[in-house]
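The structure appears below as structure tokens.
The values are calculated or read from the model by the stated rules, or taken from the named source; none is laboratory data. What you are looking at is a predicted structure, and each value in this text was computed from that prediction instead of being measured. Reconstructed Cβ throughout: ideal geometry from the backbone, glycine too, with neighbour counts over all protein chains shown. Ligands, DNA and RNA are excluded from the accessible area calculation, which covers all protein heavy atoms including side chains. Shrake-Rupley method; radii C 1.70, N 1.55, O 1.52, S 1.80 Å.
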Amino acid sequence: MSAPPTLPQSTNTAAAGSASQPPIATPAFRSFISRLSSSLRQGFSQRRPWTELADRSSFSKPESLTEAYSRIRKNFNYFRVNYVTLIVFAVAVSLITHPFSLLVLLGLLASWCFLYLFRPADQPVIFYGRTFNDKETLGLLTALTIFVVFLTSVGSLLISASMVGLAIVCAHGAFRMPED
């Protein structure tokens, strides 16, 4: 029995002295994660208590459509973070109940991350021997995103889940009497 063939390895003499970082440990990735976590922390610090959101004693029927609209605006300003959380929860539940759409969106997110966002600027994308510059990569990723969101069932799933979440938020905002 012969030994299995070994995979060829290319060595770059210019980069042999410097250790290259894997894409996940680049400074751009660490900076992105740091900004994301600080912005989430700052956003969630403005969240109102859920017990205040669900207080049944503060619900009443609006007398007119203009009063309902005024309540929605006031409650949205007061419960903004809670309402966004409810809409995101509605979209998340919808994606979890449709795993194919979730996998398609995760694949799209991974392609954006690894082909455009966290790729070092000095390394071009090479696919089947063809080198793609940044503009071509951005154009292909944009076309892929448009195809996935608008020409598959993923887009309708995201839009319908967002509309369900928005309907819940508007119903709560219209029927909850804001404290002035």
Radius, Kirkwood style, for region 41-80 when every pair of distinct Cα atoms is counted (Å):
11.6
Per DSSP, the loop-located GluC sites (Glu not before Pro) within region 59-155 having at most 11 other beta carbons within 10 Å are E63
At q = 0.24, 0.29 Å⁻¹, what is the log10 ratio I(q)/I(0) for region 84-147, with the Debye formula run over Cα points and no solvent?
-1.01, -1.22
Would you mind telling me the share, in percent, of accessible area of region 29-143 contributed by carbon and sulfur at probe 1.4 angstrom?
67
What does the charge count near R80 come to, summing +1 for each Lys or Arg and -1 for each Asp or Glu among other residues with Cβ under 13 Å from its Cβ?
+4
What net charge do the residues around A121 carry, taking every other residue with its C-beta under 15 Å from that of A121, with Lys and Arg at +1 and Asp and Glu at -1?
-1
Find the accessible area per residue for region 102-180; the probe is 1.4 Å, ligands and nucleic acids are left out, and the unit is Å².
65
